[in-house]
Amino acid sequence: QVQLVESGGGLVQAGGSLRLSCAASGRTYTLGWFRQAPGKEREFVAGITWTGGSTNYVDSVKGRFTISSDNAKNTVYLQMNSLKTEDTAVYYCAASSSRYYIGVRPHEYGYWGQGTQVTVSS
């Protein structure tokens with residue numbers, strides 16, 4: 001059984017930074033961050049294979065967000081810099097059993113955290 005617990009969300013002004021954490025228990029291989037704004041579909045943000053050898057980002061966050069993993073702590077991080085108001089959403093951590101493939105669609109992940117709110121004010 002895989003459990004994911006996110007933390008680190010909050011309120012920040014545009015241009016600021018936040019770091020999200022996702023603590024995982026159980027066997028996982030690939031972890032991803034998704035986000036969902038009110039009235040919108042859940043969107044892939046970033047993903048990383050558990051070895052850290054591969055990462056993937058949605059175009060809108062490239063150069064601003066960085067995903068990383070600390071295997072010793074079973075934790076994945078999403079460092080978010082230069083935040084924009086359009087980054088406002090509930091951010092979810094998700095895990096899959098794929099070793100090498102970073103899925104970009106929600107149904108490719110079998111485990112989800114409870115979500116953490118990120119609000120960017122202008």
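The values are calculated or read from the model by the stated rules, or taken from the named source; none is laboratory data. Fair warning: this is a prediction, and the values are worked out from it, not measured in the lab. Using ideal geometry, Cβ is built from the backbone for each residue, glycine included, and neighbour counts are taken over all protein chains shown. The area values use the complete protein model at the heavy-atom level, side chains included, leaving out ligands, DNA and RNA. Shrake-Rupley method; radii C 1.70, N 1.55, O 1.52, S 1.80 Å.
Show me 13-23, 87-97 ranked by packing, highest mean number of other Cβ atoms within 10 Å first. Write down the numbers at each step before the final one.
Working: 13-23: 16.3, 87-97: 21.2.
Put in order of decreasing packing, that is 87-97, 13-23.
Note the direction-averaged projected area, equal to a quarter of the hull surface, for the Cα convex hull of the chain, in nm². Intermediate values should be presented prior to the final figure.
Values: hull surface 26.9 nm².
Its average projected convex-hull area is 6.7 nm².
Expressed as a rounded percentage, what relative contact order does the chain have, with Cα pairs under 8 Å and six or more residues apart?
36
Under 28 Å Cα-Cα from Lys40, which lysines qualify once same-chain neighbours fewer than 8 residues away are excluded?
List returned: Lys62, Lys84.
Suppose all protein chains stay in the model; what accessible area per residue would a 1.4 Å probe give for the chain, in Å²?
Heavy-atom accessible area per residue stands at 51 Å².
Between Glu43 and Ala23, what length comes free when the chain is fully extended (0.36 nm per residue of separation minus the Cα-Cα distance, one decimal in nm)?
Difference between extended and current length: 5.1 nm.
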